[in-house]
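> Got a structure for you, questions after.
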Amino acid sequence: MEKIKEIVKENDLCVLATVSGEKPHCSLMSYCADEEGHTLYLASHTETKKYANVMKNPTVSLLIDTREGGGGRTAIQALTVSGEFQAITDPGEKERARTRFVRKHPHLREFVDEPGVAIFSIKITAFQLLDGIQDAFFETVD
């Protein structure tokens, strides 16, 4: 589990997969994690396809990989995250999530402050880690 937390906390880009009906939709997203690595925070305009999808179906999947860390293709770790979208409605929680997100992504400060942009969370329910070419590990989160 420590290796999984390390990947979640050291990286900040993912591919978010949402579903509309039976059609999947993928989006490249910036994220930040909570201290435990069990909740991810993302930002999106509320008028996007991905946001409409999670409002109808909160079950999502994300892919986080370690390509930016180098080490060649055989050293890549890919982490598939299963989780549930959660809108953040409490003003205090919204501000804490915004502060955490902007600290990790200062270049997105203006974006998150735009009208119509929401910071939301993904509560992680499970991880699947592909470590190299053949080694895979699965872990559920309580």
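> Is one or more of the residues making up region 122-130 outside any strand (DSSP E or B) and crowded, with 17+ Cβ neighbours inside 10 Å? Before you say what the answer is, go through the steps one by one.
To start, the set of residues in region 122-130 that are outside any strand (DSSP E or B) comprises none.
No, that holds for no residue.
> Any idea which of (1) within 13 Å of the chain's Cα centre (by Cα); (2) under 21 Å from Lys3 (Cβ atoms) is the one Phe137 doesn't satisfy?
Status for Phe137: all satisfied but (1).
> Something else about it: Can you name the residue in region 1-47 that is small (Gly, Ala, Ser) and surrounded by 13 or more Cβ atoms within 10 Å (Cβ to Cβ) and, of all such residues, is farthest from Gly116 (Cα to Cα)?
Within region 1-47, the first condition is being small (Gly, Ala, Ser), and the residues that meet it are 17, 20-21, 27, 30, 33, 37, 43-44.
Subset that is surrounded by 13 or more Cβ atoms within 10 Å (Cβ to Cβ): 17, 20, 27, 30, 33, 37, 43-44.
Numbers: Ala17: 21, Ser20: 21, Ser27: 18, Ser30: 17, Ala33: 22, Gly37: 27, Ala43: 10, Ser44: 8 Å.
The residue in question is Gly37.
> Look through Thr39, Thr89, Thr18 and report the one residue that is among the hydroxyl-bearing types (Ser, Thr, Tyr) and within 21 Å of Pro106 (Cβ to Cβ).
Values: Thr89 fails: within 21 Å of Pro106 (Cβ to Cβ); Thr18 fails: within 21 Å of Pro106 (Cβ to Cβ).
Answer to the check: Thr39.
> Further, regarding this structure: Return the pair list, or none, for Cβ contacts closer than 6 Å from residues in region 36-54 that are farther than 15 Å from Cys14 by Cα and free of Cβ contacts under 8 Å to residues at least 40 places away in the same chain to residues that are buried (at least 17 other Cβ atoms within 10 Å of the Cβ) and of a type in the set (Val, Ile, Thr), at least 6 apart or on different chains.
Cβ pairs passing all conditions: Asn53/Thr18.
> Report, ordered by the first and then the second residue, all pairs with beta carbons closer than 8 Å, sequence separation of six or more or different chains, a first member in region 106-123 that is over 15 Å from Thr18 (Cβ atoms), and a second member that is in a helix (DSSP H, G or I) and charged (D, E, K, R).
Matching pairs, first to second residue: Val112/Arg98; Ile119/Lys94; Ile119/Arg98.
Read the figures in this text as sums done on the coordinates, not as results from a lab. On a predicted model such as this, the values are computed, not experimentally measured, just so you know. All Cβ positions, glycine included, derive from the backbone under ideal geometry; neighbour counts span all protein chains shown.
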